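Taking it in order: structure first as structure tokens, then the write-up.
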Amino acid sequence: MTNTPILEIEDLHAKVGDTPILRGIDLTINAGEVHAIMGPNGSGKSTLANVLAGREDYTVTGGSVRYRGKDLLDLSPEERAREGVFLAFQYPVEIPGVSNSYFLRTALNAVREHRGEDPIDAMDFLKLLKEKMKFVEMDPKFQNRAVNEGFSGGEKKRNEILQMAILEPTLAILDETDSGLDIDALRIVAEGVNALRTEDHAVLCVTHYQRLLNYLVPDHVHVLVDGRIARSGDKGLALELEEKGYAEFDRAASA
Amino acid sequence: MSSQMDHQAAQQASAALPPAPDNLREQALQEFASAGFPTTSLEDWKYTNLREIADANLPLAEDAAIDGATRERLAEAIGDGAGLAFVNGHSVEIAAKSADGARLATVAHCLEHEPERIAAALRATGVIERSSLVALNSAFLGAGAVIDVPDDTVVETPIHLVYAARVSAAAASHVRNLITVGRNSRVTVVEHYLGLDDSRYWTNTATDAVLGDGARLSHCKIQCESGQAHHTADISVVQGADSQLHSLSIALGSRLCRNDIRSFFSAPGGHCSLDGLYMVDGQQHVDHHTSVDHAAPHCSSTELYKGILGGSATGVFNGKVLVRNQGQQTDAHQLNKNLLLSDAATINTKPQLEIFADDVKCSHGATTGRLDEDAIFFLRARAIDEPAARRLLTRAFANEIVGRIDVAGLRERVEETVDARLAAMIGSEENK
Ligand SMILES: Nc1ncnc2c1ncn2[C@@H]1O[C@H](COP(=O)(O)OP(=O)(O)O)[C@@H](O)[C@H]1O
Ligand SMILES: [Mg+2]
């Protein structure tokens with residue numbers, strides 16, 4: 001694999017209100033790599049994911065993020081998405097009154113327009129949707145249901161993977177997409193991610209458990225504690241954490 | 001018409017019209033003379049002030065010249081349905097399908113040739129207490145439509161009544177629609193109110209509907225009056241045993257709009273669903289007062305009214321449900337949801353439950369809020385820009401009501417109108 005960086009985070013600081021949450025993050029993800037971020041609850045994993053996606057509740061107070069050489073922090077959330085950044089939400093939002101298929105087509109067309117492509121033909125879209133729904137093993141009836149409305153936790157997560165499969169992002173950020181999933185769903189998430197495991201994609205996978213990593217072997221594992229990366233390693237680190245938990249880091253953080 | 005002098009003027013104007021059955025005009029004038037215009041001192045009119053029209057002493061609107069473009073708009077509203085069209089309350093000949101099964105005529109025609117059709121409908125709705133504006137409307141009876149559906153008849157073609165307005169000087173028109181649906185019969189009636197320009201006028205409309213046992217009426221009213229207009233409406237429906245009313249009110253236009261929608265269950269087993277969507281901004285004011293009278297047992301009513309308010313607009317929703325002693329096993333549910341697009345927009349929403357029976361299921365709820373910022377971020381994170389995300393969510397909010405229009409072709413047209421209105425409302429919020 002080449003070493004073209006997709007994402008370069010340097011000394012990133014961010015706060016919510018007056019509370020600093022990210023306190024100096026350094027992380028580089030190269031094309032073709034899958035990175036896992038683990039860490040105790042409240043350590044800032046979702047904050048990092050959301051800052052990368054452009055959520056305005058967080059204020060970046062220092063550092064820089066470059067995405068394919070561009071200043072990511074300078075872009076609006078929609079520009080980031082159009083440039084190929086995708087966040088699979090830890091808590092996907094329900095959108096009553098908007099059908100899943102309309103939503104997906106609108107999103108896809110926004111990306112296509114940005115790339116200078118024509119809107120997708122209605123028939124071609126239905127074909128694509130059918131194929132991708134089959135891939136994530138979702139019942140076709142979900143295409144006409146309102147986005148996430150009344151979906152179970154697992155169905156919402158599958159729906160996130162469906163969106164990812166349709167938008168084919170360059171950088172996918174998964175925020176605990178594995179939480180609360182049964183083995184079947186885990187396998188689907190892993191397959192969705194593995195499909196992006198090519199030269200021109202990269203994945204940042206936030207997870208609390210090692211479970212997903214059995215299906216999805218990460219190239220690098222980082223432990224986030226108290227807004228900083230406390231340790232990095234290979235997949236062996238995930239196994240070690242599974243065994244020992246985060247106690248060691250809690251002590252380090254509170255010391 | 002607020003003073004004694006004006007009353008005389010009204011009397012003269014009313015007397016100049018063709019005679020109506022049962023001394024209707026004279027009695028109605030009397031009634032209006034003693035009540036006067038509703039004022040904000042009345043509980044039901046606390047938030048809606050009619051002083052401007054009460055003081056204006058408006059003459060009756062005159063016939064306007066009809067050009068080709070106007071004719072096209074009227075025909076477009078009727079679409080491929082049956083119907084009648086009026087400009088300033090005066091009937092305009094328009095080619096339309098016939099409403100097979102139903103007898104459709106203008107009020108003017110019936111006054112002259114079949115006054116008993118008018119008398120019968122008005123006698124039936126006499127059980128419902130209405131505002132003095134309806135009395136004033138009766139005094140000036142002349143514009144409008146009479147629809148009679150005999151027993152055991154399904155009228156497949158929707159009937160559109162189009163009331164367009166364009167005046168050269170401020171004027172009033174009083175529109176009356178009288179609908180009688182026979183036993184086990186079914187009909188769809190759509191009332192359109194269209195401002196053809198931005199002139200100032202007052203439309204005071206009243207609809208009386210009588211549903212026989214097992215009858216079904218789907219009634220849809222679409223109000224797109226001029227932004228300078230006042231629009232007052234009273235829809236009163238008497239429901240027979242096991243009858244069904246679906247009423248849908250879409251209010252987009254006029255500077256002031258008041259809709260009273262009333263259903264009276266005269267026999268067991270009836271159902272009504274009352275739905276509405278109002279979208280107002282700028283200085284607009286919109287008021288829906290609904291009233292469901294459960295005077296018979298085993299009847300059910302559901303209400304869903306949704307409002308989108310921007311600018312300095314004001315909205316009112318008052319949902320009255322009366323369950324009388326004999327209204328056992330009533331099932332009545334009511335919900336009012338409002339979406340505020342600006343800080344200055346306000347809504348007054350109030351359920352008014354008066355329950356005298358003990359075995360009833362009643363619920364009510366009201367919500368008022370802004371667009372969900374988490375949903376906006378979610379859409380933006382899926383490449384949809386912020387204005388588009390706001391439009392999408394607002395449209396979805398409105399579509400819950402628009403989606404209930406079950407008239408072929410009409411839903412799509414209303415969707416377009418609502419979309420255009422939305423784009424304008426969201427656009428004006430962004431430019432502030
Ligand atoms: N929008 C917010 N408002 C207030 N506090 C927040 C917000 N988002 C996160 N936090 C706080 O920041 C810390 C990190 O949260 P988060 O990034 O969600 O952690 P993780 O995903 O690792 O569990 C927590 O203490 C949390 O309470
Ligand atoms: Mg989290």
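The figures follow:
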item: Candidates B:Glu412, B:Glu400 - the one that is in a helix (DSSP H, G or I), in contact (Cβ under 8 Å) with a residue 60 or more places away in the chain and acidic (Asp, Glu); result: B:Glu400
item: Where A:Gly245 falls short, out of the listed (1) open to solvent by less than 60 Å² (accessible area, probe 1.4 Å); (2) within 16 Å of ligand 2 (Cβ to nearest atom); result: (2)
item: Set A:Arg68, A:Arg105, A:Arg82: member being touching a residue at least 60 places away in the same chain (Cβ under 8 Å) and away from ligand 1 (no atom under 13 Å from the Cβ); result: A:Arg68
item: Subset of the range A:16-55 (residues that are closer than 25 Å to A:Tyr209 by Cβ and assigned to a loop (DSSP other than H, G, I, E, B)); result: A:Gly32, A:Glu33, A:Gly39, A:Pro40, A:Asn41, A:Gly42, A:Ser43, A:Gly44, A:Arg55
item: Answer from B:Asp275, B:Asp293, B:Asp213 - the residue that is touching a helix residue (DSSP H, G or I) at 6+ places or on another chain (Cβ under 9 Å) and among the acidic types (Asp, Glu); result: B:Asp275
item: Set A:Met123, A:Met138: member being over 18 Å from B:Arg382 (Cα atoms), buried (at least 17 other Cβ atoms within 10 Å of the Cβ) and either more than 14 Å from chain B (Cβ to nearest Cβ) or not β-branched (Val, Ile, Thr) (or both); result: A:Met138
item: Number of the condition not met by A:His13 [criteria: (1) more than 11 Å from chain B (Cβ to nearest Cβ); (2) outside any loop (DSSP other than H, G, I, E, B); (3) open to solvent by 40 Å² or more (accessible area, probe 1.4 Å); (4) within 29 Å of A:His114 (Cα to Cα)]; result: (4)
item: Residue selected from the range A:156-202 under the condition touching a residue at least 40 places away in the same chain (Cβ under 8 Å), open to solvent by 10 Å² or more (accessible area, probe 1.4 Å) and within 16 Å of ligand 1 (Cβ to nearest atom), by the criterion nearest to A:Leu128 (Cα to Cα); result: A:Lys157
item: Residue among A:Glu176, A:Glu160 that is within 16 Å of ligand 2 (Cβ to nearest atom), within 14 Å of chain B (Cβ to nearest Cβ) and out of contact with any Lys or Arg (no Cβ under 6 Å at 6 or more places or on another chain); result: A:Glu160
item: Matching entry among B:Pro19, B:Pro38 (being open to solvent by 70 Å² or more (accessible area, probe 1.4 Å), in a loop (DSSP other than H, G, I, E, B) and touching a Leu at 6+ places or on another chain (Cβ under 9 Å)); result: B:Pro19
item: Criterion: in contact with a helix residue (DSSP H, G or I) (Cβ under 9 Å, 6 or more places away or on another chain) and at negative phi - qualifying residue of B:Gly319, B:Gly315, B:Gly310, B:Gly327; result: B:Gly310
item: Candidates B:Arg395, B:Arg382, B:Arg391 - the one that is farther than 18 Å from B:Ser218 by Cα, within 12 Å of another protein chain (Cβ to nearest Cβ) and not in a helix (DSSP H, G or I); result: B:Arg382
item: Meets criteria (more than 16 Å from ligand 1 (Cβ to nearest atom), small (Gly, Ala, Ser) and at the interface with another protein chain (Cβ under 10 Å from one of its Cβ atoms)) for A:Ala110; result: yes
item: Selection from the range A:30-62 of residues that are more than 13 Å from the chain's Cα centre (by Cα), away from ligand 1 (no atom under 16 Å from the Cβ) and not charged (D, E, K, R); result: A:Asn30, A:Ala31, A:Gly32, A:Gly62
item: Among residues of the range B:361-379, those that are more than 10 Å from chain A (Cβ to nearest Cβ) and out of contact with any Asp or Glu (no Cβ under 7 Å at 6 or more places or on another chain), counted; result: 10
item: Within the range A:72-91, tally of residues that are touching a strand residue (DSSP E or B) at 6+ places or on another chain (Cβ under 8 Å), within 10 Å of chain B (Cβ to nearest Cβ) and within 16 Å of ligand 2 (Cβ to nearest atom); result: 3
item: Residue within the range B:138-154 that is closer than 23 Å to B:Gly101 by Cβ, of a type outside the set (Gly, Ala, Ser), without any contact (Cβ under 8 Å) to a residue 40 or more places away in the chain and open to solvent by 30 Å² or more (accessible area, probe 1.4 Å) present; result: yes
item: Residue check for A:Phe142: of a type in the set (Phe, Trp, Tyr), under 23 Å from A:Glu78 (Cβ atoms), more than 16 Å from ligand 1 (Cβ to nearest atom) and in a helix (DSSP H, G or I); result: no
item: Condition check for B:Asp100: more than 23 Å from the chain's Cα centre (by Cα), open to solvent by 30 Å² or more (accessible area, probe 1.4 Å), farther than 19 Å from B:His160 by Cα and not aromatic (Phe, Trp, Tyr); result: no
item: Total residues in the range A:26-59, condition away from ligand 2 (no atom under 16 Å from the Cβ), away from chain B (no Cβ under 14 Å) and surrounded by fewer than 19 Cβ atoms within 10 Å (Cβ to Cβ); result: 4
item: Hey, A:Gly69 under 26 Å from A:Pro218 (Cα atoms), of a type outside the set (A, V, I, L, M, F, W, C) and away from chain B (no Cβ under 14 Å) or not; result: yes
item: Yes/no for B:Glu430 being out of contact with any Pro (no Cβ under 7 Å at 6 or more places or on another chain) and modelled with pLDDT under 95; result: no
item: Flag if B:Thr417 is part of a helix (DSSP H, G or I) and more than 12 Å from chain A (Cβ to nearest Cβ); result: yes
item: Qualifying residue in the range A:113-125 (condition: among the β-branched types (Val, Ile, Thr), at pLDDT 95 or above and either in contact with a strand residue (DSSP E or B) (Cβ under 8 Å, 6 or more places away or on another chain) or within 16 Å of ligand 2 (Cβ to nearest atom) (or both)); result: no
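The values are calculated or read from the model by the stated rules, or taken from the named source; none is laboratory data. These numbers come from a predicted model, not from an experiment. Every residue, glycine among them, receives a Cβ derived from its backbone with ideal geometry; neighbour counts consider all protein chains shown. Areas reflect the complete protein model, heavy atoms only, side chains present, ligands, DNA and RNA absent. Shrake-Rupley method; radii C 1.70, N 1.55, O 1.52, S 1.80 Å.
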